[in-house]
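This report concerns only the one structure given below.
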Protein chains: 2
Amino acid sequence: MIRHTVAFTLKHAPGSLQEKAFLRDAKAALEKIPGVEKFEQLKQVSKKNDFRFGFSMEFESQAAYDGYNKHPKHVKFVKERWALEVQKFLEIDYEAL
Amino acid sequence: MIRHTVAFTLKHAPGSLQEKAFLRDAKAALEKIPGVEKFEQLKQVSKKNDFRFGFSMEFESQAAYDGYNKHPKHVKFVKERWALEVQKFLEIDYEAL
């Protein structure tokens, strides 16, 4: 199992319609891509970093993760939304020890 | 629910006995502290950052999280092990959106 997470901050004003739209459209684009399990949209609440949100999802295998990365819906979302609307982000991926 | 995560890298050589001891002792010190749920020790596998490990745990409430932070076993572990053996770390905490 690989747990893929990304913490991020948007360019949009907190609480704005643009922020809501980004989160809604991200869920619509990504959650149903084959291989994606336990898709979560999260609020980042630690004061020790300045990311505002997080996504978390799990894949059964590296092949499933690769399939997600290459999936047209993911590629399109990254190009048309993520690259334009995200200010900063950090990907952290975990496997069981 | 608050999911508390910390990604980190140790000063110890990868695969060393010191590394194994740190992980073993962290689990022994932290997993049974009241309020800690779903304690996980994880391997960080993304090439997009250079953290090597992660811990993840969940708390039912901020009060449970505060209780963990103040618990003598946690305080002792942070002072005697974490502060001395961890090279760098990043705490990221999530709540449901």
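Some observations on this one:
- Counting Cβ atoms of other protein chains within 10 Å of each residue's Cβ and taking the mean over peptide A:84-93 gives 3.
- Pseudo-label separations to other copies for residue A:17 - Cα-to-Cβ vector, 7 Å, nm: 6.5
- For residue A:63, label point 7 Å along C-beta direction: distances to other copies, nm: 4.9
- The same position residue A:39 in the other copies lies at 3.4 nm from this copy, comparing label points 7 Å beyond Cα toward the beta-carbon, shortest first.
- Over 24 Å (Cα to Cα) - which of A:27/A:48; A:43/B:76; A:88/B:48 fall in this group: A:27/A:48; A:43/B:76
- Calculated on C-alpha atoms, the gyration radius of the protein assembly as shown divided by its Kirkwood radius gives an Rg/Rh of 0.98.
- Label-point separation in nm, residue B:66 to residue A:17, each point 7 Å along Cα→Cβ: 3.9 nm
- Spatially proximal aspartates and glutamates relative to residue B:79 (Cα-Cα < 15 Å; intrachain offsets below 8 disregarded): B:25
Every read-out reported here was derived from the displayed coordinates using simple, explicitly stated rules and does not represent laboratory data. For clarity, every value in this text was computed on a predicted model and none was experimentally measured. Ideal geometry is used to build each Cβ from the backbone, glycine not excepted, and the neighbour counts take in all protein chains shown.
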